[in-house]
Amino acid sequence: ETGVTQTPRHLVMGMTNKKSLKCEQHLGHNAMYWYKQSAKKPLELMFVYSLEERVENNSVPSRFSPECPNSSHLFLHLHTLQPEDSALYLCASSQAPGTYNEQFFGPGTRLTVL
Amino acid sequence: SQQGEEDPQALSIQEGENATMNCSYKTSINNLQWYRQNSGRGLVHLILIRSNEREKHSGRLRVTLDTSKKSSSLLITASRAADTASYFCATDEGYKYIFGTGTRLKVLA
């Protein structure tokens with residue numbers, strides 16, 4: 001899992017807090033993704049970045065704000081979250097956003113919103 | 001959007017037995033991937049099969065694809081306790097992949 005790292009691994013926050021999740025990939029990839037994984041639900045694609053440009057925003061509430069300053073780093077800024085936002089947030093990268101590209105996942109950030 | 005749906009949702013077998021998981025999807029695809037996820041961790045890519053392929057092997061893994069039935073299966077032979085994990089299929093939709101809910105496999109020692 002050293003290819004894609006995520007920090008923090010665990011995060012507990014109140015509904016009025018502001019926090020950020022960080023993802024870094026060391027694979028030289030050009031595409032990065034944020035996914036949300038909730039219990040008994042399919043993995044939900046949230047955002048896709050290709051060469052630092054957002055190419056997908058899957059109807060995600062504005063309380064989630066992504067940032068991709070360069071092709072190696074991806075952030076997810078969180079503010080005024082709801083308890084139902086508690087989930088495992090996974091970052092992934094791939095050589096390109098197109099098909100036939102294997103995705104490499106980070107270990108995830110376990111988020112709990114109180 | 002299309003979605004891969006895995007079946008069964010959960011599977012419990014003895015070490016040494018084979019495990020078979022199935023994935024069904026709704027629309028035509030270019031390829032399908034299988035991933036494994038250990039509890040609370042990230043997903044790990046296992047195998048990719050293209051739409052013009054019918055079967056693919058990787059070590060103890062065997063994947064089949066039947067595009068006429070819009071289904072794929074993942075067979076793990078001679079299972080080990082370390083194979084205990086959730087397994088997901090992912091189907092391509094343009095430049096992204098759609099994941100299913102997964103099959104939770106438990107291999108008992």
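Quick notes on this one:
- Matching residues in region B:72-101 - criterion: being within 16 Å of B:Ala10 (Cα to Cα), buried (at least 21 other Cβ atoms within 10 Å of the Cβ) and within 8 Å of the chain's Cα centre (by Cα): B:Leu74, B:Tyr87, B:Phe88, B:Cys89
- Residue in region B:3-19 that is farthest from the other protein chains (Cβ to nearest Cβ), counting only those that are over 14 Å from B:Ile76 (Cβ atoms) and among the small types (Gly, Ala, Ser): B:Ala10
- Of the residues A:Gln6, A:Gln37, A:Gln95, the single one that is under 10 Å from the mean Cα position of the chain (by Cα), of a type in the set (S, T, N, Q) and surrounded by 14 or more Cβ atoms within 10 Å (Cβ to Cβ) is A:Gln6.
- The residues in region B:8-60 that are in contact (Cβ under 8 Å) with a residue 24 or more places away in the chain, under 25 Å from A:Asn58 (Cβ atoms) and among the charged types (D, E, K, R) can be counted, and the count is 2.
- Which numbered condition A:Leu74 misses (of (1) more than 12 Å from every other protein chain (Cβ to nearest Cβ); (2) closer than 22 Å to B:His45 by Cβ; (3) surrounded by fewer than 20 Cβ atoms within 10 Å (Cβ to Cβ); (4) in contact with a Cys (Cβ under 8 Å, 6 or more places away or on another chain)): (3)
- In region A:1-29, the residues that are of a type in the set (S, T, N, Q) and modelled with pLDDT of 95 or more: A:Thr5, A:Gln6, A:Thr7, A:Ser20, A:Gln25
- The criterion of at least 1 residues that are more than 10 Å from every other protein chain (Cβ to nearest Cβ) is met, among strands (runs of 3 or more DSSP E) falling completely within region B:30-109, by B:31-37, B:43-50, B:55-58, B:61-66, B:71-76, B:85-93, B:103-108.
- With respect to the conditions (1) in contact (Cβ under 8 Å) with a residue 60 or more places away in the chain; (2) among the hydrophobic types (A, V, I, L, M, F, W, C); (3) outside any strand (DSSP E or B), A:Leu78 lacks only one, and its number is (3).
- Only one of the numbered conditions (1) more than 9 Å from every other protein chain (Cβ to nearest Cβ); (2) out of contact with any helix residue (DSSP H, G or I) (no Cβ under 6 Å at 6 or more places or on another chain); (3) touching a residue at least 24 places away in the same chain (Cβ under 8 Å) is not met by A:Pro69, and that is (3).
- For the condition surrounded by fewer than 21 Cβ atoms within 10 Å (Cβ to Cβ) and either of a type in the set (D, E, K, R) or in a strand (DSSP E or B) (or both), A:Thr16 does not qualify.
- Evaluation of A:Leu51 against (1) within 14 Å of chain B (Cβ to nearest Cβ); (2) at negative phi; (3) without any contact (Cβ under 8 Å) to a residue 60 or more places away in the chain (one fails), failing number: (2)
- Residues in region A:93-113 that are closer than 13 Å to B:Lys96 by Cα and either part of a loop (DSSP other than H, G, I, E, B) or touching a Leu at 6+ places or on another chain (Cβ under 7 Å) (or both): A:Ser93, A:Gln95, A:Ala96, A:Pro97, A:Gly98, A:Thr99, A:Tyr100, A:Asn101, A:Glu102, A:Gln103.
The values are calculated or read from the model by the stated rules, or taken from the named source; none is laboratory data. Source: prediction; values computed, not measured. All Cβ positions, glycine included, derive from the backbone under ideal geometry; neighbour counts span all protein chains shown.
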